[in-house]
Amino acid sequence: VPEHVWRINLDTPEEAQQNLSFGAADRWWEQTDLTKLILASNKLQSLSEDVQLLPALTMLDVHDNQLTSLPSALGQLENLQKLDVSHNKLRSLPEELLQLPRLRSLLVQHNELSQLPEGLGQLLSLEELDVSNNQLTAIPASFALLVNLVRLSLACNQLKELPADLSAMKSLRQLDCTKNYLETVPPKLATMASLEQLYLRKNKLRSLPEFPSCKLLKELHAGENQIEILNAENLKQLSSLCVLELRDNKIKAVPEEITVLQKLERLDLANNDISRLPYTLGNLPQLKFLALEGNPLRTIRRDLLQKGTQELLKYLRSKIQDDGAGPSEEPPVTAMTLPSQSKVNIHAITTLKLLEYSEKQAAEIPAAVFDAVGTNPVVTVNFSKNQLREIPPRLVELKDSVCDVSLGFNKISSISSELCLLHKLTHLDLRNNVLTALPEEMEALKRLHTINLAFNRFKVFPSVLYHLPALETILLSNNQVGSIDPVQLKGMDKLGTLDLQNNDLLQVPPELGNCENLRSLLLEGNPFRTPRAAVLAKGTAAVLEYLQSHIPS
């Protein structure tokens, strides 16, 4: 930092020395001290102790540099209200920082901090604290003193537990604990009466925490955990909830009591083990978005799921009237079914035409499993939740009958040519593997109409998909796809559902608006600026209309 920056309050500016006509009233440098200093996105490796020559600073922004430490003189900036030192290489924070009585915003995300100063709770004026994306394993007990804190982000650290004392933060409205190692949430947190948004995604929770006092809680994000049961009691307390996000868990059932969430607008239950839904879900008055893909739903046809939330709710409401009919019209279990029963279920092979060997953590499928098929025609294969590193070569033996193959939750890194010979294949589930590409030979799968590639490692949209004319559903969420070709997508007449959530799309080509067959286009969680979240929230038709209106004429 140039020396004269630190001395800007002290030295007479050069133009004043050259021009003697400055009257007392014009001598601005004597009347006002520097209050904001922004040094962001440079290559600073250190900050001078001379920062103390700027005692009137209310805001200091040095984010996105290469700082490994901060000067102790920061502690003398007693007017400082906002300090942004994020995106540096800080390993520790100086104790002197705790002497800043007016500090309201402290941003230290994306550094290399393994611990925080014990006395951090002394910063009583703090309203915003972001320590995300560091290497923290614990939170100082003094955090409990931060009673004015409104926003706290602890995301992307290595926390195994949260201190119960956090419950003393009476002003806290937003708490982000995404991507840690939390197995439970302290029951005391449930007393945080001001909490409105709680993010617990990507942890190791086995059940949804209870929130008896969180009457204002509007958003609860708990996707990508290991939650198996939704407790009806827990739901009853969340009367203000608008967003409930529970995707990618192991939930098996949705309790009827979910209808107490009268303000619910978004409910995401994608990729769980739910086999049936309470029809009363159709009565939630505000519900605008309901995600259910990737569940072994038996009572609801797949084509209905693809028609979008409103059609689905209408169907559920119609079922409440004739609920007496019971589940006699259930279609056979498909390969999206995840729970497994036995080693080789001969009965399933002969009556359901299902070959199942899932949740065995097997590195390969034993020969006995394929031998058991004999001459029986197998329609459905479920080898999900194992440790397979390749497509089992003997799948080819089933090519004259198999329609539905599930290989999700394995470690498959490439698709072999055997899979491309299954010419009757209509459903292919490869979610949660380590795939980066699909072979062009897959073009032979002319009947394929649903492919699930979520949670893999695709960086580009697999081009072979553009050449599969029967495709109706492409699920590609949670990859790293950077672009799509709207012209080729328009050629896919049957495509109704395209899920590209949580990818790396920097822009959405406006020509995508011409794909008028799309009934469900999911783009949330990408880094593009437009269309904005408010447009996305209105649903697919609104997004397509927005994109169409932005096509250059």
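The values are calculated or read from the model by the stated rules, or taken from the named source; none is laboratory data. Bear in mind that the values here come from a model prediction, so they are computed numbers and not experimental data. Methodologically, a virtual Cβ is constructed for each residue, glycine included, from the backbone with ideal geometry; neighbour enumeration extends over all protein chains shown. These area figures cover heavy atoms from the full protein model, side chains too; ligands, DNA and RNA do not enter into them. Shrake-Rupley method; radii C 1.70, N 1.55, O 1.52, S 1.80 Å.
Below are the figures for this structure:
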quantity	calculated
Residues satisfying the stated conditions in the range 299-313, i.e. outside any helix (DSSP H, G or I) and more than 16 Å from D429 (Cβ to Cβ)	T299, I300, R301, K307, G308
Qualifying residue in the range 25-35 (condition: modelled with pLDDT under 95, among the small types (G, A, S), out of contact with any helix residue (DSSP H, G or I) (no Cβ under 8 Å at 6 or more places or on another chain) and farther than 21 Å from L136 by Cβ)	yes
Residue list for the range 214-238, filter: closer than 14 Å to L198 by Cα, open to solvent by 10 Å² or more (accessible area, probe 1.4 Å) and either outside the structural domain of E256 (by the TED database) or of a type in the set (A, V, I, L, M) (or both)	L216
Hits in the range 520-543 - residues which are touching a residue at least 60 places away in the same chain (Cβ under 8 Å), outside any helix (DSSP H, G or I) and under 25 Å from S553 (Cα atoms)	G539
Some residue of the range 166-177 being touching a helix residue (DSSP H, G or I) at 6+ places or on another chain (Cβ under 6 Å), open to solvent by 20 Å² or more (accessible area, probe 1.4 Å) and not β-branched (V, I, T)	yes
Matching entry among L90, L162, L123 (being under 25 Å from the mean Cα position of the chain (by Cα) and either touching a residue at least 12 places away in the same chain (Cβ under 8 Å) or open to solvent by less than 40 Å² (accessible area, probe 1.4 Å) (or both))	L162
Criterion (open to solvent by 50 Å² or more (accessible area, probe 1.4 Å) and at pLDDT below 95) met by exactly one of H4, H63	H4
Checking L430 against (1) modelled with pLDDT under 95; (2) at negative phi; (3) buried (at least 17 other Cβ atoms within 10 Å of the Cβ), the condition it does not meet	(1)
Residues located in the range 93-120, provided they are over 31 Å from the mean Cα position of the chain (by Cα) and of a type outside the set (A, V, I, L, M, F, W, C)	P94, E95, E96, Q99, P101, R102, E118, G119
E210 touching a Pro at 6+ places or on another chain (Cβ under 9 Å) and of a type in the set (D, E)	yes
